[in-house]
Every structure is written in structure tokens, then in C-alpha cells.
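**Student:** Sharing a structure here in C-alpha cells format.
The values are calculated or read from the model by the stated rules, or taken from the named source; none is laboratory data. Just so we're clear, the structure is a prediction, and the values are computed from it rather than from any experiment. Reconstructed Cβ throughout: ideal geometry from the backbone, glycine too, with neighbour counts over all protein chains shown.
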Amino acid sequence: MKEQRGIKRVKKYFAINIVACDVKGKHLQFDKIKTNPKFYDESGLDFTPEGIKIMCSKTLPEESKIQMKMLIPDEESLNLIRATGTIKWFKQVKDKYKKYFLIGVHFKDLPDDEKQKLIRLWKKYK
């Protein structure tokens, strides 16, 4: 896949929880569903201040909007970052043992304090 961003990705593994998704006008708030209260606990693979790549266990359609919580570690602590974004691409990956999905998310309307945390972490790891 050809690199489309002008900012270098930082390869850093981190925990991510997708808490809500808007698909075709339907809003799904996963922490309100009793059978699956947290929805996905997934893995972030890399990030920039503009977006992230996530390894995901289930499909989410392109152009859907998601709300997420990310826990990105540094030497001192875990940094909780709350963000919303739009899924720009996804790719199914099958290996010998399982099937999973890679999704690319572009941040949308990131609050300034959350963006500053991301920029600080990005600069630290780039």
C-alpha cells in the first residue's frame, strides 16, 4: 500500500477500545449493550497526529464514524486519549490460524488537549 500521508507513522502497539459507531445513520453505543458492554478491545499498530491503524477482530464499514479510547504508554504512564474518527480503509488478513482486519482511521474534530497529547507522544516515538 502506497504511503499517502505527509507525516511519518510511529510504530507503537497500544490498547484501543471502540465504544460507539455510526453506520448509515444508525448510532450504536456499545457500552450500553449488556451482552457486549465494551464492544472491541483491539490493538493499535501505529499512529500519527492525524490518524491510526488498528488491528480489529470484526469488520466496520468504510466511512463509518467511531468513538474510541486509546491507551498509549510512555515511560511515565499510560496516556488515555479519547477521539472520534472516520474509517477510511479496511483490509482483511487471513493467516494460518485466524482472520482479522486492519482498519485506517482518520481523526475528526479531535479536542485540542487530546491532539496535544497525541503530538507529544508522536514526537517522542518518531
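**Student:** For residues in segment 47-80 being without any contact (Cβ under 8 Å) to a residue 40 or more places away in the chain and part of a strand (DSSP E or B), which is farthest from the chain's Cα centre (by Cα)? If you could, list the steps in order and put the result at the bottom.
**Tutor:** Looking only at segment 47-80, we keep the residues that are without any contact (Cβ under 8 Å) to a residue 40 or more places away in the chain, and these are 61-63, 75-78, 80.
Subset that is part of a strand (DSSP E or B): 78, 80.
Values: L78: 16, L80: 13 Å.
Among those residues, the one meeting the criterion is L78.
**Student:** Assuming K94 fulfils every condition listed in (1) under 28 Å from Y125 (Cβ atoms); (2) at pLDDT 85 or above; (3) surrounded by fewer than 12 Cβ atoms within 10 Å (Cβ to Cβ) apart from one, which condition is it?
**Tutor:** Unmet condition: (1).
**Student:** For segment 71-126, give me each residue that is closer than 24 Å to K24 by Cβ and among the small types (G, A, S).
**Tutor:** A83, G85, G104
**Student:** Could you list all residues from segment 1-32 that are in a loop (DSSP other than H, G, I, E, B) and either at pLDDT 55 or above or surrounded by 12 or more Cβ atoms within 10 Å (Cβ to Cβ) (or both)? If you could, list the steps in order and put the result at the bottom.
**Tutor:** Narrowing segment 1-32 to residues in a loop (DSSP other than H, G, I, E, B): 1-9, 24-25.
Q4, R5, G6, I7, K8, R9, K24, G25, listed by residue number.
**Student:** Scan segment 53-74 for residues that are under 15 Å from V10 (Cβ atoms) and either among the hydroxyl-bearing types (S, T, Y) or touching a Lys or Arg at 6+ places or on another chain (Cβ under 9 Å) (or both) and jot them down.
**Tutor:** Listed by number, the residues that qualify are K53, M70, I72, P73, D74.
**Student:** I want to confirm something. Restricting to segment 33-64 and keeping residues that are of a type in the set (K, R) and surrounded by fewer than 16 Cβ atoms within 10 Å (Cβ to Cβ), which single residue is modelled with the highest pLDDT? Spell out how you get there, then give the answer.
**Tutor:** Initial filter on segment 33-64 (of a type in the set (K, R)): 34, 38, 53, 58.
Narrowing the set further to residues that are surrounded by fewer than 16 Cβ atoms within 10 Å (Cβ to Cβ) leaves 34, 38, 58.
On the way: K34: 56, K38: 51, K58: 79.
Residue satisfying both the conditions and the ranking: K58.
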